[in-house]
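The structure appears below as structure tokens.
The values are calculated or read from the model by the stated rules, or taken from the named source; none is laboratory data. Because the structure is a prediction, the values reported are computed rather than measured. Note that we place each Cβ from the backbone using ideal geometry, even for glycine, and neighbour counts take in every protein chain shown. With ligands, DNA and RNA removed, areas are computed over all heavy atoms of the protein, side chains included. Shrake-Rupley method; radii C 1.70, N 1.55, O 1.52, S 1.80 Å.
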Amino acid sequence: MTYIAKPKFHHPGLKKNELGYTHRDYEGKISTLCAGCGHDSITASIIEACYELSIEPHRVAKISGIGCSSKTPDYFLGNSHGFNSVHGRMPSVLTGANLANRDLIYLGVSGDGDSASIGFGQFAHSIRRGVNMTYIVENNGVYGLTKGQFSATADRGSKSKKGVTNTDNAIDLVAIALQLGATFVARSFSGDKTQLVPLIAAAIRHKGASFIDVISPCIAFNNHAGSTKSFDYVREHNDAVNRLDVLVGRDPIAVDYAPGTVQMVEQHDGSRIALRKIDADYDPHDRLGAQTFLQKHAAKGQIVTGLLYVDPDAEDLHEHLNTVETPLNTLEADTLCPGSAALDKFNASLR
Amino acid sequence: MSDKKPISSVNDFVVRFANVNGSGSASANEMFARAILRHGVPVSPRNIFPSNIQGLPTWYEVRVTEDGHLGARGGVDMMVAMNPQTWDKDVAGIEPGGYLFYDSTKPMPSTKFRDDITVIGVPLTAITNSTYTDPRQRQLFKNIIYLGALSALLDMDPKLIEQLIGEQYKGKEKLLSSNVHALHLGRDWALQNLKCPTGLRVKKSDKVGDRIFIEGNSAAALGAVYGGATVCAWYPITPSSSVAEAFTAHCKKYRHDPETGKAKYAIVQGEDELASIGIVIGASWNGARAFTATSGPGISLMTEFIGLSYFAEIPAVIMNIQRAGPSTGMPTRTQQCDIIACAYASHGDTKHVLLFPEDPAEAFEFAAAAFDLAERLQTTIFLMLDLDIGMNHRLCRPLKWDDAKQYDRGKVMTAEMLDEGRDFGRYLDVDGDGIPYRTYPGTHPTKGSYFTRGTSRDRYARYSEEGSVYADNMQRLMRKFETAQDLVPRPLQANAERPTKYGVIYFGSTTPAMDEAIGLLEARGHQLDRLRIRAFPFHSSVASFLAEHDFVYVVEQNRDSQLRQLIVNENGIDPVRLVPIVHYDGSPITARFIAKAIGDHQDHIKVTPLRKAVS
Ligand SMILES: Cc1ncc(C[n+]2csc(CCOP(=O)(O)OP(=O)(O)O)c2C)c(N)n1
Ligand code: SF4
């Protein structure tokens, strides 16, 4: 059997969140990924973020494509529905699911192969449509599941495990998400839970297309010298623009950072993001500025992390389509079907 | 001088308009067809258009048919030749004794005509130019002027055309009166200068009854509204785009919350067919009724997802408006050529449910039913239309709906059922029909969640590549497909007047031509029992029909006799007894073609009509 369930045993003393759920309620099956894979740390951060937000686990729909990264939804939120779709097509499946029921939380998990190559189009279009989702790319610069081929996010000049140099230019998904109008854009590192957990939490609270590119080293195929997605490389080149906390309905908000270095961003649903600035000039409300900032740092070989852009007043696809508040999947014949009288009229108009 | 007697016929002839794409003739031509309908005479019009927006030739053919034969007939009794580019071909296509109507403003050498037809010249350009100065007006009104002239030549009641113009330009008085004026300009010129009427005449009748005149795509789209579809994702492609466009229009009319003005539907124009079917699958997985409309190339792109729908058991509805393939083929020509591609779409062992409506009325019914079937069977349902039904107006019985009808949402386990302690295994065959229960995401805090994947898993949806587990699942999927046999529309059988050893199987848009061909074959002494297939998987009556007949013709509009292949494959029968009758040049099959092909074969096998044997 390749399926490994976690033992159900709960330590009675486990801490509970506001809804009375423990950490264990946000866990899933035991991971079958390589020990030390960056993706497992992202899984842990997702669990942490959902726990902290006191989300009802079953109100989350977790959707992925195909790849090691796309397997991870099986490893968190065991009580929510998961969907491991086909390679690169998570965004369309998520879009459809979201259209059917706007009341759930949609978590899209993908890989850089999944999103930057075969699924590049779907990635782009789900972002430009403003689907209300948290889209996480677990970016390791290689195809993990098919054993180490370069992916489209591999930096030009970086080396594969076998020593081959990548001669193609890299696609920067963050830059593209910004260009396409994502209303929440962040980059983080799987090894930096302190930064990643609040980013995921804020993205979940954000209404609209949230995109987080998480550099997630593949220890099997891309953690060597010459790789720009290895643990060491990312640690050395990481340049964070801010640190953040997400505050949900806890009034009054006590912010213990020095005034002038903290910025509060209130989101649509009332939650607030406290941004502690590391780069004093960085303004996460300036899309154009974010793009320039990113490019300047990329040219210097630096990896900018943190919340790069947020539009707290974003609209989502349902607003664009002006759909009813009631989830479409609950509507029945009595409200959907115009009935025989309308049909008679319609017939009459065709004679 | 004619050396053939001019055709003389009342309410039974074919007029074909040859135009240039983009000349604005479509609405005048359609008005011509509608005007005949208003005389109480059935018509069957067909658009024959290129895969181009402007400049290329286009034809519009109106079969006037008091007997109500709605298939294409073949041959042209009157050609309205408005396109110099196709003149030679158009003139050559006229039946001996037929009529040629043309713009006689510029003289034509006599070699451009034929001796065995009646040539009717109307100086259309001269009349328009002397009346209108604006070039666009000249272009548009020329069409109405020829419509006026034709009304005189065919003895039509101008009041009925005026009535149609009135309806079309309701509230736009200026346009209304100028169109009526143009109509009379043509009509009066013809009455004063030509012998009116010709041998072809339209006489008032009462053969239309309460039938409606509608395109298959519009009817199918309305079926989706009635069937409760709330999510539509699509990507433009001829001839299916008008399904999504019609769905949008129907939803605007019927699906807005009267209080808030909000939409009880979501329509997304996907970035491609992959995204469109992905959206459908995501929405259906989450419990909404969703569909996409596409054509052959779109089906090719969707196949990976169709396999997922089959294996992961997610409902989906795909309306496939078929056109001539392979590849881009002839995008604006009709065929029934995606049977195999859809029946076995995707890799691995897959089988899918196909529905074959014969006309817009059935397209409406089957479209609505497709959503019940998709949810009941938790799989993809293909509604197989084609360009001929989809993009042409067809006379059909009025659309009907039973207000007592509730949607069949299939086997969905609710939170209450889970709380009662019902055993939930996503792929458990609880009832022995191969159909498992599903839960919608978000149903219950602790029970009923599962992981959907295209990878093999056990009955409790747990990932497993164990051979026996995989085989068990595949067998259950076969069981489910067998269950489908009794849920899909059954074939309809019509027997010949006398017992016969010969049968014919056909489906979809071939139906009206087939109905007419039967009469022609009877006249030639051939009796055939008929079976109209309406769905795949085939009902057991298909096998019985095959067993009861020595030879069965399978009539279809593709080169490789795909339905025949499917029948042979699925019934394991001797292919020799199934005779393919195929038509695949992109034009709709005609009664004449079928009658000739079957008749010749019957003659060839030296059939002694059974009538003689028993009398
Ligand atoms: C249509 C299709 N082509 C190819 C594959 C094979 N395939 C499986 S996973 C994968 C790449 C995964 O890479 P990535 O998304 O970066 O995820 P990782 O494994 O690195 O986390 C590929 C090419 C597939 N499943 N489907
Ligand atoms: S191959 Fe790489 S990406 Fe896949 S599980 Fe192993 S470490 Fe992670």
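Remarks
- Heavy-atom surface of region B:490-581, accessible at 1.4 Å and reported per residue (Å²): 36
- Counting Cα-Cα pairs of region A:23-349 in 20 Å increments starting at 0 gives whole-percent bin shares of 33, 55, 10, 2.
- Put simply, the amide H of B:Arg453, placed in the peptide plane, has neighbours under 5 Å in A:Asn84, leaving out anything fewer than 5 places away on its chain.
- Proximal lysine pairs, region B:159-233, alpha carbons under 19 Å, eight or more residues apart or interchain: 6
- Protein-protein interface of region B:230-244, residues with accessible area decrease of at least 50 Å², isolated chain reference, 1.4 Å probe: none
- Shielding of peptide A:283-294 by partners, expressed as the average count of other chain Cβ atoms within 10 Å per residue Cβ, is 0.
- Computed on chain B, with alpha-carbon pairs under 8 angstrom and 6+ residues apart, the relative contact order is 12 percent.
- Taking each residue as 0.36 nm, the span from B:Ser27 to B:Ile573 lengthens on full extension beyond its C-alpha to C-alpha distance by 191.6 nm.
- Taken as Cα centroids, region A:277-323 and region B:132-183 sit 59 Å apart, rounded to the nearest whole angstrom.
- Protein-only accessible surface order, largest first, of B:Asp600, B:Asp103, A:Asp112 at 1.4 Å: B:Asp600, B:Asp103, A:Asp112
- Averaged over the residues of peptide A:313-324, the number of Cβ atoms from other protein chains lying within 10 Å of each residue's Cβ is 3.
- Accessible area of A:Cys37 in the full protein assembly, 1.4 Å probe (Å², nearest 10): 10
- Gyration tensor verdict on region B:303-430 (Cα atoms; rounded if a/c is under 1.5, prolate if a/b is larger than b/c, oblate otherwise): oblate
- Spin-label model distance (nm) - B:Arg490 vs B:Arg397, 7 Å beyond Cα toward Cβ: 1.6
- Relative to the dominant Cα principal axis of chain A, helix A:193-205 is inclined by about 20°.
- Lysines with Cα under 17 Å of A:Lys300, excluding same-chain neighbours fewer than 8 positions away: A:Lys229
- Charge dipole of region A:23-349 about the Cα centre (unit charges at C-beta), most positive-ward option of A:Gly111, A:Leu196, A:Thr228: A:Thr228
- Per residue, the accessible area of region B:306-355 comes to 25 Å² when a 1.4 Å probe rolls over the protein heavy atoms.
- For the chain pair B and A, the interface hides roughly 5600 square angstrom of accessible area in total, found with a 1.4 Å probe.
- Peptides ranked, highest mean first, by Cβ atoms within 10 Å: ranges B:553-561, A:227-235, B:567-575: B:553-561, A:227-235, B:567-575
- Taking a ≥ b ≥ c as the square roots of the Cα gyration tensor eigenvalues, the protein assembly as shown comes out prolate, since a/c reaches at least 1.5 and a/b is larger than b/c.
- Within chain A, percent of DSSP bridges classed antiparallel, to nearest 5: 40
- Alpha-carbon centroid distance for the pair region A:57-132 / region A:159-223, whole angstrom: 15
- Surface per residue (accessible, 1.4 Å probe) for region A:23-349, Å²: 36
- A 1.4 Å probe over all protein chains sorts B:Thr125, B:Thr105 by accessible area into B:Thr105, B:Thr125, starting with the largest.
- Choice from A:Cys337, A:Cys34, A:Cys68 with maximal GNM fluctuation in chain A (Cα, 10 Å cutoff): A:Cys337
- Rel. contact order, % - alpha carbon contacts under 8 angstrom, at least six apart, chain A: 15
- Rough spin-label spacing in nm, given labels placed 7 Å along Cα→Cβ, for B:Gln137 and A:Ala341: 4.6
- Over chain B, volume per residue of the alpha carbon convex hull, in Å³: 183
- Nearest-10 value in Å² for the accessible area of B:Lys203, using the 1.4 Å probe: 120
- Residue by residue along B:12-19, Cβ atoms of other protein chains within 10 Å of the local Cβ number 0 on average.
- In range of the label at B:Arg559: residues from region B:580-598 whose backbone nitrogen is under 17 Å from the point 7 Å along Cα→Cβ: B:580-587
- Which listed pairs, of A:Lys193/A:Lys277; A:Lys345/B:Lys405; B:Lys5/B:Lys596, have C-alpha distances above 21 Å, in listed order: B:Lys5/B:Lys596
- Gaussian network model of chain A, springs between alpha carbon atoms under 10 Å - residue of A:Ile215, A:Ile136, A:Ile55 with greatest fluctuation: A:Ile55
- On chain B, 51 percent of the accessible area sits on carbon and sulfur atoms, based on a 1.4 Å probe.
- Rounded tilt (10° steps) of B:511-523 against the dominant C-alpha axis of chain B: 60
- Across every direction, the projection of the convex hull enclosing the Cα atoms of region B:1-140 has a mean area of 9.1 nm².
- Ellipticity estimate at 222 nm from DSSP helix runs (n ≥ 4, -39,500 (n - 2.57)) divided over the protein assembly as shown, nearest 500: -10500 deg cm²/dmol
- Estimated FRET transfer efficiency when R0 is 45 angstrom, pair B:Ala547-B:Lys203 (beta carbons, to 0.05): 0.40
- Theoretical FRET efficiency, 1/(1+(r/R0)^6), r = Cβ-Cβ of B:Arg524 and B:Gln85, R0 30 Å, to 0.05: 0.20
- In Hz, Karplus ³J(HN,Hα) per residue of region B:145-154 (6.51, -1.76, 1.60; θ = phi - 60°; x = Gly, Pro): 5, 5, 4, x, 4, 4, 4, 6, 5, 9
- Against chain A, whose longest principal axis comes from its Cα atoms, helix A:339-348 is set at around 80 degrees.
- For chain A, a Gaussian network of Cα nodes joined below 10 Å ranks A:Tyr282, A:Tyr309, A:Tyr106 by mean-square fluctuation, and the top entry is A:Tyr282.
- Segments B:300-306, A:175-181 sorted - mean Cβ within 10 Å per residue, highest first: B:300-306, A:175-181
- Heavy atoms of B:Asp12 accessible to a 1.4 Å probe, total area in Å² rounded to 10: 70
- Protein-only accessible surface at a 1.4 angstrom probe places the residues B:Tyr440, B:Tyr584 in the order B:Tyr584, B:Tyr440, largest first.
- The charge dipole of the protein assembly as shown, taken about its Cα centre with unit charges on the Cβ atoms of Lys, Arg (+1), Asp and Glu (-1) only, comes to about 1340 debye.
- The peptide list B:493-499, A:125-131, put in order of mean Cβ contacts within 10 Å with the highest first, becomes A:125-131, B:493-499.
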